[in-house]
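Peer 1: This is the structure, below, for whatever I ask next.
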Amino acid sequence: MSVSWSLPFEEKISPHGIQKLVSEDAYKEFHNKTVNSYRNFWANVALELEWFKPWEKVLDETNPPFYRWFVGGELNASYLCLDRHVKTWRKNKIALIWEGEPMKDGKPVEVKRLTYYDLYREVNRVAYLFKKRYNLKRGDTVGIYLPMIPELPIVMLAAARLGVVFSVVFSGFSADALAERMNDADAKLLITADGVWRRGKILDLKSIADEALKKTNKISKVLVIRRAGNQVNLQQGRDELFDDVINEIPYNATVEPESVRSEDPLYILYTSGTTGKPKGQVHDVGGYMTLLHATMKWIFDIRDTDVYWCTADIGWVTGHSYVVFGPLMEGATGIMYEGALDFPQPDRWSSIIERYGVNIFYTSPTAIRGWMKNGEEWVKKHDTSTVRLMHSVGEPINPEAWRWLFRLVGRESVPFGSTWWMTETGGILISHTPGLLMVPMKPGTNGFPIPGVKAEVVDENGNAQKEGQRGYLIIRNPWPGMPLTIHKDPQKFVQVYFSKFSGAFYTGDYAVRDKDGYFWVLGRADEVIKVAGHRLGTYELESALIQHRAVAEAAVVGVPDEVKGEVPVAFVILRQGFKPGEELRKELREWVRGKVGPVASLKDVLFVSKLPKTRSAKIMRRVVQAVAVGKPVGDVTTLEDEASVEEVKRAYSQLQEELKG
Ligand code: WTA
């Protein structure tokens, strides 16, 4: 668990930026009503979408926990994001402002502005290409391994238009990670790019994809989008350049959006879980789009006059929901950028706010802590006074970071919350709702569950935990946006989420509720760590380590980090014949980056001769973690060999000495 600050339960701050401030009691009263009749409540929200065919049943509960929302109803996500707006005055409204990475040599930034009509045209052409050239049909799956370029949302929407399921893999994942996900998803076509600019360098995505393709047998075609202009190898018969094939499609090609069932899959997105391989979270169309519509309105208070910026990468769920589908469905003007928020200068982000006049700003605690470190003069260089509402996401936000952004960009007046949710939930479930009713803010809190969602903090036995006491966060009722299942593993879906607390969804998070009823999510209760807000399973890192010839056993734990929240540290037992040392330490760090991707950088590798294990030979990560963060190890009666604790302690203090020296 990454939280090391104390929670300032008492401090309350009222935003002045909106008119709908209510007391906690008033919110709770309203919330209770929505939860008591949550089926009806959500049905009313869903009516605000446009359906090709109305649903027959709001919620099918015949096979729990495989709930199905709006059964019998038909719609299309690409239609909701494009066609609907093109029929109105929004046709010529800017949908996306894209900014490439600025060059160090001071060359002007490359900017593209796409109206809803432009986006509609492009998505139609790509859908036409998918259909005619690649013969993709409803129910097929495509893999997407793309950086933050406009083609990324375009291909996602084109797939959705045809009822083709897409699976995006974050561009910071390695060849192995990509191959594993593509094999599991049964993708037929892979869409990738020659490369991407990041911090002044080109990351060669096509070579990584080529490596991955050696380990997949189902992908028969690869579409390569040009971005970086670097040399790429095209394999005859398999690879094609997007520019070549799209140019053959007439500019006015259109494809009717498929009328898909509400409960059909829209996409599969892989998450790192406790044990085992990444889990493919399958999201539906009807429930998912309903939750996004609600949260865009209630939480972001999105209006037609707004410029909206969510800084997440589309490769993660935040980007799926709040860069692509949410804002486009609402007809918003959104920003997308390539590169990093602090490159080539620490003020890239604040200059984006100024240059495009951002009104709604959604970012992460890690980003904020990084900016704090660079100093506030970088913020003050720019006029950020257009911002009228902010939220953060991905990990708990420490009150210092919250106060810093609230003061410098929020002018101590705008609503600013920390939205809790996860890949599994599809959209935000616990948050302040300034677009609906807003309770006073407290620095670092998540606020209350959104209307229609019943969240609780419970003890081991599933009983409500006392105020101020840490417990497990669960969701009591089905909600629109929940996953349909884990791809190819329904049993795991039941076991991971619905077996710990019978009938309720177990989030895997620790949380507390304070005396006013506010929720504070503290961090993961399982073996998942959040590194710079990115979700990594320690299991994935460990299995990468033990594939190295020098490693016999490994335990990876998260330790607190000032900027990234948490960083992974590995404790490693070497095989006979291998000697610990700086060389090997470096080699193992590189090895893990190579196996999992640059997103997985081990902070340290510590060599030990034993690891704390239970009598059934399970590594007790809890104990390893306690040592690594210098906390009491707690109950170790189930340990097989208590000396192992001393061993881990020894390795840890030795490393501290080395670092000092
Ligand atoms: C954590 C990201 C505290 C939490 C959308 C959750 C948060 C995990 C918050 C999901 C927040 C996300 N406050 N913790 N505002 N938002 N988390 O799947 O531990 O990448 O379980 O989805 O992030 O991460 P995921």
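The values are calculated or read from the model by the stated rules, or taken from the named source; none is laboratory data. This structure is a prediction, so every number in the text was calculated from the model and none was measured. We place every Cβ from the backbone using ideal geometry, glycine too, and count neighbours over all the protein chains shown.
Peer 1: Might you let me know whether segment 336-358 holds any residue that is within 16 Å of the ligand (Cβ to nearest atom) and of a type in the set (A, V, I, L, M, F, W, C)?
Peer 2: Filtering segment 336-358 down to residues within 16 Å of the ligand (Cβ to nearest atom) leaves none.
No, the conditions are met nowhere in segment 336-358.
Peer 1: Considering only residues of segment 557-571 that are under 22 Å from P612 (Cβ atoms) and touching a residue at least 60 places away in the same chain (Cβ under 8 Å), which is farthest from the ligand (Cβ to nearest atom)?
Peer 2: First, pick out the residues of segment 557-571 that are under 22 Å from P612 (Cβ atoms): 557-560, 566-571.
Restricting the remaining residues to those that are touching a residue at least 60 places away in the same chain (Cβ under 8 Å) gives 557-560, 566, 571.
Values: V557: 16, G558: 11, V559: 16, P560: 14, E566: 10, F571: 23 Å.
Ranking the qualifying residues of segment 557-571, first place goes to F571.
Yes or no, residue by residue, for (1) in a loop (DSSP other than H, G, I, E, B); (2) of a type in the set (K, R); (3) in contact with an Asp or Glu (Cβ under 6 Å, 6 or more places away or on another chain); (4) more than 19 Å from Y322 (Cβ to Cβ):
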residue	(1), (2), (3), (4)
L82	no, no, no, no
I97	no, no, no, no
E101	yes, no, yes, yes
K104	yes, yes, no, yes
P108	yes, no, no, yes
Y117	no, no, no, yes
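Peer 1: Are any residues in segment 237-265 touching a Gly at 6+ places or on another chain (Cβ under 8 Å) and of a type in the set (D, E, K, R), and if so, which ones? Walk me through how you get there before you give the answer.
Peer 2: We begin by selecting, within segment 237-265, every residue touching a Gly at 6+ places or on another chain (Cβ under 8 Å); these are 258, 260-264.
Listed by number, the residues that qualify are E258, R261, E263, D264.
Peer 1: I'd like the residue in segment 497-518 that is near the ligand (Cβ under 9 Å from one of its atoms) and more than 24 Å from G280 (Cβ to Cβ) and, out of all such residues, is surrounded by the fewest Cβ atoms within 10 Å (Cβ to Cβ).
Peer 2: Applying the first criterion (near the ligand (Cβ under 9 Å from one of its atoms)) to segment 497-518 yields 507-511.
Retained after the next criterion (residues that are more than 24 Å from G280 (Cβ to Cβ)): 510-511.
Numbers: Y510: 20, A511: 25.
The extreme case among them is Y510.
Peer 1: Another question, if that's okay. Could you figure out which of (1) in contact with a Pro (Cβ under 7 Å, 6 or more places away or on another chain); (2) under 26 Å from K28 (Cβ atoms); (3) surrounded by fewer than 20 Cβ atoms within 10 Å (Cβ to Cβ); (4) not polar (S, T, N, Q) isn't true of V494?
Peer 2: Of everything listed in (1) in contact with a Pro (Cβ under 7 Å, 6 or more places away or on another chain); (2) under 26 Å from K28 (Cβ atoms); (3) surrounded by fewer than 20 Cβ atoms within 10 Å (Cβ to Cβ); (4) not polar (S, T, N, Q), V494 misses just condition (2).
Peer 1: Hey, another quick one. Mind checking whether some residue in segment 308-315 is aromatic (F, W, Y), away from the ligand (no atom under 16 Å from the Cβ) and surrounded by fewer than 22 Cβ atoms within 10 Å (Cβ to Cβ)?
Peer 2: In the first step, residues of segment 308-315 are kept if they are aromatic (F, W, Y); the result is 308-309.
Of the ones still in play, those that are also away from the ligand (no atom under 16 Å from the Cβ) are 308-309.
Imposing the further condition that a residue be surrounded by fewer than 22 Cβ atoms within 10 Å (Cβ to Cβ) reduces the set to none.
No, that holds for no residue.
Peer 1: Moving to a separate point now. Can you pull out the helices (runs of 4 or more DSSP H) entirely within segment 140-216 that have at least 1 residues that are over 15 Å from V324 (Cα atoms) and touching a strand residue (DSSP E or B) at 6+ places or on another chain (Cβ under 8 Å)? Before the answer, list the steps.
Peer 2: Working: elements: 151-162, 175-185, 205-213.
Ranges flagged: 175-185, 205-213.
Peer 1: Give segment 520-546 a look and list any residue that's crowded, with 21+ Cβ neighbours inside 10 Å, near the ligand (Cβ under 9 Å from one of its atoms) and either at pLDDT 95 or above or more than 19 Å from G426 (Cα to Cα) (or both), or say none.
Peer 2: Of everything in segment 520-546, those that are crowded, with 21+ Cβ neighbours inside 10 Å, near the ligand (Cβ under 9 Å from one of its atoms) and either at pLDDT 95 or above or more than 19 Å from G426 (Cα to Cα) (or both) turn out to be W520, V521.
Peer 1: Among the small types (G, A, S) and either touching a His at 6+ places or on another chain (Cβ under 6 Å) or within 23 Å of G339 (Cα to Cα) (or both): does that describe A228?
Peer 2: Yes, satisfied.
Peer 1: Let me ask you something else. Filter segment 531-579 for residues that are closer than 21 Å to V648 by Cα and among the polar types (S, T, N, Q) and give the result.
Peer 2: Scanning segment 531-579 gives T538, S543, Q576.
Peer 1: If you go through segment 251-288 one residue at a time, how many are more than 16 Å from the chain's Cα centre (by Cα) and touching a residue at least 24 places away in the same chain (Cβ under 8 Å)? Reasoning before the result, please.
Peer 2: Looking only at segment 251-288, we keep the residues that are more than 16 Å from the chain's Cα centre (by Cα), and these are 251-266, 274-277, 284-287.
Restricting the remaining residues to those that are touching a residue at least 24 places away in the same chain (Cβ under 8 Å) gives 251-255, 257-266, 274-277, 284-287.
So the answer is 23.
Peer 1: Out of everything in segment 618-651 that is charged (D, E, K, R) and at pLDDT 80 or above, what residue ends up being nearest to D561 (Cα to Cα)? Break it down into steps so the answer makes sense when it comes.
Peer 2: Residues of segment 618-651 charged (D, E, K, R): 618, 621-622, 631, 635, 640-642, 646-647, 649-650.
Filter once more, so that each one left must be at pLDDT 80 or above: 618, 621-622, 631, 646-647, 649-650.
On the way: K618: 27, R621: 18, R622: 18, K631: 15, E646: 24, E647: 23, K649: 19, R650: 21 Å.
Applying the filter and picking the extreme gives K631.
Peer 1: When segment 382-411 is examined, which residues are found to be touching a residue at least 60 places away in the same chain (Cβ under 8 Å) and among the charged types (D, E, K, R)?
Peer 2: Hits for segment 382-411 are R388, E395, E400.
To keep it simple, each residue is scored yes or no on (1) surrounded by fewer than 21 Cβ atoms within 10 Å (Cβ to Cβ); (2) of a type outside the set (K, R); (3) under 27 Å from W591 (Cα atoms); (4) without any contact (Cβ under 8 Å) to a residue 60 or more places away in the chain.
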site: L162; (1), (2), (3), (4): no, yes, no, no
site: V165; (1), (2), (3), (4): no, yes, no, no
site: S174; (1), (2), (3), (4): no, yes, yes, no
site: I202; (1), (2), (3), (4): yes, yes, yes, yes
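Yes/no matrix, rows are residues, columns are (1) surrounded by fewer than 16 Cβ atoms within 10 Å (Cβ to Cβ); (2) touching a residue at least 24 places away in the same chain (Cβ under 8 Å); (3) within 30 Å of the chain's Cα centre (by Cα); (4) not in a helix (DSSP H, G or I):
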| residue | (1), (2), (3), (4) |
| --- | --- |
| I573 | no, yes, no, yes |
| L588 | no, yes, yes, no |
| V599 | no, yes, yes, yes |
| L611 | no, yes, no, yes |
| A617 | yes, no, no, yes |
| E647 | no, yes, no, no |
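Peer 1: Given the options G273, G280, G319, name the one that is within 16 Å of the ligand (Cβ to nearest atom) and at pLDDT below 95. Write out each step before concluding.
Peer 2: Working: G280 fails: at pLDDT below 95; G319 fails: at pLDDT below 95.
Of G273, G280, G319, the one residue that is within 16 Å of the ligand (Cβ to nearest atom) and at pLDDT below 95 is G273.
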